[in-house]
Amino acid sequence: MPPSRSVVEPYRPSNSLLRRLSALGVAMLVIFAVLLLRLWALQVLAGTKYVDQAAANSFRTVRVEAPRGQILDRNGIPLVTNAPATAILLWPADLPAVYTKRYAELRSLAHVAGVPLYEISAGIRARRAANDFVTPVTVRDAANEPMIDYLYEHGTQYPGVTTWRTFIRHYPYHSLAAQILGYVGEISPSELKAGAKQGYQPGDEVGQSGVEASYDGYLRGVAGSARMHIDAFGRPRSSLETTTIPKPGNDVRLTIDLKLQQSAEKALQYGIRLAQANKQWYARGGAIVALDPTDGSILAMASSPTYDPSVYAGRVTIPELSRAGLTTQTAPARNYPSLDRATDGTYPPGSTFKPVTAIAAMEEHMLSPSAYLPCTGTYSSPQDRSHRTFHNWDPNVNQGMDLTTALAESCDTYFYRVGNEFYNLPADRGQPLQTWAEKFGFGSPTGIDVGPEASGLVPTINWRRQHFSSEVDKLWKPGDSIELAVGQGDLLTTPLQMARLYAALANGGKLVTPHVLMDVESPSGSPVPVPPTPAPRTIGVDPAALRAVDQGLWAGTHLSVGTSYGVFGKFPVSIAGKTGTAEKVVSFPGYVGLQNQSWWCGFGPYGSPKIVVCAVIENGGYGGDVAAPAAAQVLASFFHVKFTFAGPVHSD
């Protein structure tokens, strides 16, 4: 087209437009430069890093729990070991997204593994609640070969399911020392929260009772790790392979002697059979404690009834626990097998408590061991307005006795009189019998390193005021002091507390701390440092008072009038000890009434004691008939001598 005459000159952009175009160009150059630099950094500088991350995304890492250490007896004999097993694991994140398919897989898996569907679902919910998406759910701890073979052959039908070699606890002696050894189980949410700083993780197996719980930190070892290849959808494409080898736990050696423990458990059953043979039909349980009086090392500790801790190894089922009497519903009918009667069972000690009364009376200058007090068939306190009559176990006795004879023959009325003297003390003297009982460890835990442990009860004036609501019951009456003097009334002790008392009588008045830990050894066999056991504590007893009591205990087994002479009179080793028959209100289905708890406690050899034995047979009758023969079986095993019990003698 020809130039228009109306246009003076061609169009030219304005200066402002040129500035905007220039700024836009510069911005585009900067953006491209940044992108190029970032691309160069990703491909050149960080290329190796992201390649490694991409490779890592194709693997799943799993924490591998370490095999627990063994539990050994004092001679190195294994009491608890590990058995190899194959676990079935499930990763909830790998389950099908569609509900119907997910439910079908879980239901089929439950059928194959032989576990209830609700247990698998509970494990999945627990992981979800903890926001834990990397720890698998253990469907079954110990799967059998048919289960493993089926899952291997049909692996494509079970996304997220794999198997892994593991270990479960093995108890070669079954129920032996079950309450001492304890058992393990999957960590609970509360335990996980409490042990977070100790490295506990969901799914860990931890000690739940006994040595397994008390020394879990030594036994559990250091976890390792394993990994398996997965595809883009997170599905397993290989089996688990160990990447970090777990470090096994340490071996824990106990003070328990296997052979003596076996003897104690047999002796306990022997005592129960003796009681039932004497028509004590409610004799269904008891405990025996054997310890070293010099340092409190427990040599044997038996409790009956008991259970096999193998029921907790591998998959735990309610039916199996029910059959073992380990559920709330079935425990009463089986007389509470999980209760450790040696440490957590409480009983009135009866006449086995009389040495405390004697020592307290001598220490308070209320009694001379050579003084004679009447031993009669009955006794009534002059201060008792109710004129209550207290009976001696032998209703026909009528003679004066010194302390040695009163202990040997276990004269109740002798000690009733001593108890009444305690009641008559001025108020500013307090209650010295209770004070001395507490000095000997009653009313407080012994401090044993496995639990639980009962404190028992030493009744006092203040305790009655706080415990009872009736004004009459709040009063401390003469009968309360009289009953306490012979180990009756509201006094409650554990067999371990009684064994501790007799250890103090044997070792010159030192209170030991009972314990079952001897030492800890690493997997390589080197010693592992452990906290020291508290040294025996001096009570401050007059040696003359101790000698007087010990002579009475010796007379009880060596003089023909002694209550356990029929058992220990011809025993090959010189034994000192005391019988006890204590009344206690007991209840069974269809029965509530008083039953005699059969006791015997003592030590030997007399003059150089190496062992203390204390036995109680629940509802067993006379101490001389049942508990003394049972304790003699343990002592015979310890000293490697033969013992034959001729028969019941019906003595307190």
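The values are calculated or read from the model by the stated rules, or taken from the named source; none is laboratory data. Nothing here was measured: the structure is a model prediction, and the numbers come from that model. Cβ placement follows ideal geometry from the backbone for every residue including glycine, while neighbour counts extend to all protein chains displayed.
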Out of the residues in region 54-86 meeting the condition of being closer than 21 Å to GLY203 by Cβ and assigned to a loop (DSSP other than H, G, I, E, B), tell me which one is modelled with the lowest pLDDT.
GLU65
For the structure I just gave you, tell me whether ASP384 is at pLDDT below 95, farther than 23 Å from TRP600 by Cβ and either crowded, with 16+ Cβ neighbours inside 10 Å or under 40 Å from the mean Cα position of the chain (by Cα) (or both).
yes
Among (1) free of Cβ contacts under 8 Å to residues at least 40 places away in the same chain; (2) out of contact with any Pro (no Cβ under 7 Å at 6 or more places or on another chain), where does SER310 come up short?
(1)
Looking only at region 418-445, filter to residues that are in contact (Cβ under 8 Å) with a residue 12 or more places away in the chain and among the acidic types (Asp, Glu); which one of those is surrounded by the most Cβ atoms within 10 Å (Cβ to Cβ)?
GLU421
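Can you find even one residue in region 213-227 that is modelled with pLDDT under 90, in contact with a strand residue (DSSP E or B) (Cβ under 6 Å, 6 or more places away or on another chain), closer than 30 Å to LYS101 by Cβ and not charged (D, E, K, R)?
As a first pass, look at region 213-227 and keep what is modelled with pLDDT under 90: 221-227.
Narrowing the set further to residues that are in contact with a strand residue (DSSP E or B) (Cβ under 6 Å, 6 or more places away or on another chain) leaves 221-227.
Now restrict to residues that are closer than 30 Å to LYS101 by Cβ: 226-227.
Okay, now just the ones that are also not charged (D, E, K, R), so 226.
Yes, region 213-227 contains at least one residue that is modelled with pLDDT under 90, in contact with a strand residue (DSSP E or B) (Cβ under 6 Å, 6 or more places away or on another chain), closer than 30 Å to LYS101 by Cβ and not charged (D, E, K, R).
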Checking VAL585 against (1) of a type in the set (Val, Ile, Thr); (2) touching a residue at least 12 places away in the same chain (Cβ under 8 Å); (3) surrounded by fewer than 22 Cβ atoms within 10 Å (Cβ to Cβ): exactly one of these is not met. Which one?
(2)
Condition first: crowded, with 20+ Cβ neighbours inside 10 Å and among the hydroxyl-bearing types (Ser, Thr, Tyr). Now tell me which residues in region 448-503 satisfy that.
THR460, SER481, THR493, THR494, TYR502
Output the number of the condition that VAL520 fails; it satisfies all remaining conditions of (1) buried (at least 16 other Cβ atoms within 10 Å of the Cβ); (2) more than 23 Å from the chain's Cα centre (by Cα); (3) among the hydrophobic types (A, V, I, L, M, F, W, C).
(2)
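Based on this model, can you work out whether TYR183 counts as of a type outside the set (Asp, Glu), farther than 30 Å from ALA342 by Cα and in contact (Cβ under 8 Å) with a residue 24 or more places away in the chain?
Numbers: of a type outside the set (Asp, Glu): yes; farther than 30 Å from ALA342 by Cα: no; in contact (Cβ under 8 Å) with a residue 24 or more places away in the chain: yes.
Taking the combined requirement at face value, the residue does not satisfy it.
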Could you grab me the full set of residues in region 416-451 that are of a type in the set (Asp, Glu) and either under 26 Å from ALA503 (Cβ atoms) or touching a Lys or Arg at 6+ places or on another chain (Cβ under 6 Å) (or both)?
GLU438, ASP449
Scan region 137-167 for residues that are part of a strand (DSSP E or B) and either at pLDDT 85 or above or in contact with a Gly (Cβ under 8 Å, 6 or more places away or on another chain) (or both) and report the count.
6
